[in-house]
Amino acid sequence: MITKSQRERLRDLAQQIPPTFQIGKNGVGGKEIIDISIALDLHELIKISVLRDSEIDEETILNAICSLTGAEPVIAKDNEVVIYRRSSCKNIEHIEI
């Protein structure tokens, strides 16, 4: 579990990255979870855009993705969610939080 100060640091870092995925009215399925998990292994911190036509709010999407990927929720705001998971890959630059 990450601390409040670590979460704030991740929020600051997330402002500089573009959304990696979009979630629409179909919600989050198995393929999306696999792709998000791979992206987390490569980047550790990702932003996901929740389209306005989505039937599920961003907070619910954030919680679902985190529970299915083992990621930490960072923020759900303004139709975007940000998640973090420390990567086990040794050949990437890890985020220091």
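The values are calculated or read from the model by the stated rules, or taken from the named source; none is laboratory data. Values in this document were obtained by computation on a predicted structure and should not be read as measured data. Note that we place each Cβ from the backbone using ideal geometry, even for glycine, and neighbour counts take in every protein chain shown. Side chains included, ligands, DNA and RNA excluded: accessible areas come from the protein's heavy atoms. Shrake-Rupley method; radii C 1.70, N 1.55, O 1.52, S 1.80 Å.
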Next on the checklist: Condition (residue is in a helix (DSSP H, G or I), out of contact with any Leu (no Cβ under 6 Å at 6 or more places or on another chain) and without any contact (Cβ under 8 Å) to a residue 40 or more places away in the chain) applied to the stretch 11-21: is it met by at least one residue?
Outcome noted: yes
Next on the checklist: Considering only the stretch 8-26, I want to know if a residue exists there that is within 15 Å of Ile75 (Cα to Cα) and open to solvent by less than 30 Å² (accessible area, probe 1.4 Å).
Outcome noted: yes
Checklist entry - When you scan the stretch 36-83, how many residues do you find that are out of contact with any strand residue (DSSP E or B) (no Cβ under 7 Å at 6 or more places or on another chain), surrounded by fewer than 19 Cβ atoms within 10 Å (Cβ to Cβ) and of a type in the set (A, V, I, L, M, F, W, C)? => result 5
